[in-house]
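To keep things clear, I will list the structure first and then write my remarks on it.
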Amino acid sequence: FTQILSGVQVDYDDEGKHAAATVPAAVVHLTTKSKTYPHWRKWRIVWRNVIAFTVMHVIAVYGFYLIFCGHVKVKTLLCMMVISVCSAFGITVGAHRLWAHRCYNARLPMRVLLAVFQTLAFQNHIYEWARDHRVHHKFTDTDADPHNSSRGFFFSHMGWLMVRKHPDVAAKGSAVDMTDLEADPVVMWQKKYYLWLVPIITFLIPSLIPYWVCNERFLYSFVVVGVTRYMLSLHFTWLVNSAAHIWGTKPYDKNITPTENPTVALLAFGEGWHNYHHAFPWDYKAAELGNYRLNLSTAFIDLCARLGQAYNLKTANASLVEKRSQRTGDGTKDHNHNHRHN
Ligand code: ST9
Ligand code: ZN
Ligand code: ZN
């Protein structure tokens, strides 16, 4: 079972050392990236997480049944959409572009709002999310990358959350500077109380809103706006790590796996322009031009900047992008119309 999931045909002992077996050439190629733990690709399965994700998926299937068979009110679906948008901004505008990459600065009210939104999304607390993400950028597609896409679609999508991390993640990740987040009281407060905040902000409040505001049955609110909404947002986020590291063009850097993927950009609120993002991770737009249609997160940051809440927005100028594209791109930049026009 473990071998089927990992796609690796090797036996391991408990310490993850190579015990015995024939090692296919492709596997040797994949594993040689790790110098310290050359054969540490065993899935040390964390059953608590496997069971939790399985149960959540079953509830989400019931949620889809309730939605598509017309059992929930239209107003409940509207609540679901609004809460989905808020939680998405918590990840894209908050955890990703503000806290992980420091693409702009935000004043306290905006940081508090984004921390609430980020908690709605329950994707680990901001500090852990940003640490894993910084390590992903620094060590992309090596064993130190928490969701190393060279281990296949399933591992980079959600499998990495159901097994112990490769030792390189902590070993090399410890070199990543996190002092800026340690100095942010909003981040540290959320980290301290995260286990209390999650049940209340991720599940209870989203379930109570349709129950109070729309007279929806509490069970239906919980299933649809609590759990189904959560699972959908998880999969849309995970697609950035899986699909947008596999399918799409590479107009800015053809030597890396991240791609420009319009479908993922749509589902992940502007985070599917992933080839650009890995080339210019500090750009607050996470895309070449501000295409609001497929980048609602940029629109939200621009709105906050107008309100004086976001400032010091960093962006790559056109000539820098052009030079990089000429130097390392795959030649598809000028074919990507969605990407180029506002
Ligand atoms: C989730 C996260 O879903 C999704 C993130 C996606 C990111 C996408 C990015 C793409 C761009 C943005 C797209 C946005 C799109 C939004 C669209 C919305 C519609 N560096 O982790 P532990 C050390 S979460 C340095 O326990 P194990 C550290 O010392 C879903 N050091 O490892 C740590 O201790 P501490 C819900 C690191 O035991 C220690 O190792 N959550 C690093 O192997 C142990 O760490 C879950 O399902 C590092 N990077 O366990 C929970 N990492 O923390 C899942 C670790 O005390 N997590 N260290 O400092 C777990 O249960 C566990 O982490 C585990 C691994 C089982 C996966
Ligand atoms: Zn990536
Ligand atoms: Zn990033």
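Figure legend. Inter-residue proximity from the range 107-133: first residues outside any helix (DSSP H, G or I), second residues charged (D, E, K, R), beta-carbon distance below 7 Å, spacing 6+ or different chains. Indicated pairs: His125/Lys191.
Is it the case that some residue within the range 309-318 is surrounded by fewer than 21 Cβ atoms within 10 Å (Cβ to Cβ), under 25 Å from Asn241 (Cβ atoms) and within 15 Å of ligand 1 (Cβ to nearest atom)? Looking through the range 309-318, none of the residues is surrounded by fewer than 21 Cβ atoms within 10 Å (Cβ to Cβ), under 25 Å from Asn241 (Cβ atoms) and within 15 Å of ligand 1 (Cβ to nearest atom).
Listed by first and then second residue, the pairs with beta-carbon distance under 8 Å, at least 6 apart or on different chains, first residue in the range 72-101 and under 19 Å from Tyr211 (Cα atoms) and in contact (Cβ under 8 Å) with a residue 40 or more places away in the chain, second crowded, with 23+ Cβ neighbours inside 10 Å and of a type in the set (Lys, Arg), are Met80/Arg229; Ile83/Arg229; Ser84/Arg229. Does the range 264-273 contain any residue that is surrounded by fewer than 22 Cβ atoms within 10 Å (Cβ to Cβ), within 15 Å of the chain's Cα centre (by Cα), away from ligand 3 (no atom under 14 Å from the Cβ) and part of a helix (DSSP H, G or I)? Checking the range 264-273: at least one residue is surrounded by fewer than 22 Cβ atoms within 10 Å (Cβ to Cβ), within 15 Å of the chain's Cα centre (by Cα), away from ligand 3 (no atom under 14 Å from the Cβ) and part of a helix (DSSP H, G or I). Scanning the range 127-135 finds one or more residues that are crowded, with 20+ Cβ neighbours inside 10 Å, in contact with a Leu (Cβ under 7 Å, 6 or more places away or on another chain) and within 26 Å of Trp247 (Cα to Cα). Looking across the range 221-247, just one residue is within 12 Å of ligand 2 (Cβ to nearest atom), assigned to a loop (DSSP other than H, G, I, E, B) and of a type outside the set (Ser, Thr, Tyr), and that is Ile246. Restricting to the range 88-105, name every residue that is surrounded by fewer than 24 Cβ atoms within 10 Å (Cβ to Cβ) and of a type in the set (Gly, Ala, Ser). Once the filter is applied, which keeps residues that are surrounded by fewer than 24 Cβ atoms within 10 Å (Cβ to Cβ) and of a type in the set (Gly, Ala, Ser), the range 88-105 yields only Ala100. Please specify each residue of the range 295-322 satisfying the condition of being more than 16 Å from ligand 2 (Cβ to nearest atom), under 23 Å from Leu113 (Cα atoms) and in contact (Cβ under 8 Å) with a residue 40 or more places away in the chain. Within the range 295-322, Leu296, Phe300, Ile301, Cys304, Ala305, Gly308, Gln309, Ala310, Tyr311, Asn312, Leu313, Lys314 meet the criteria. Within the range 147-174, residues that are free of Cβ contacts under 8 Å to residues at least 60 places away in the same chain sit with their Cβ atoms under 7 Å from residues that are small (Gly, Ala, Ser), at 6+ positions apart or across chains, in these pairs: Asn148/Ser156; Val169/Ala144; Lys172/Ala144; Gly173/Ala144.
Computed from the coordinates by the stated procedures, all read-outs in this text should not be read as laboratory data. Quick caveat, the model's predicted, so the values are computed rather than measured. As a convention, Cβ positions derive from the backbone with ideal geometry for all residues, glycine included, and neighbour counts pool all protein chains shown.
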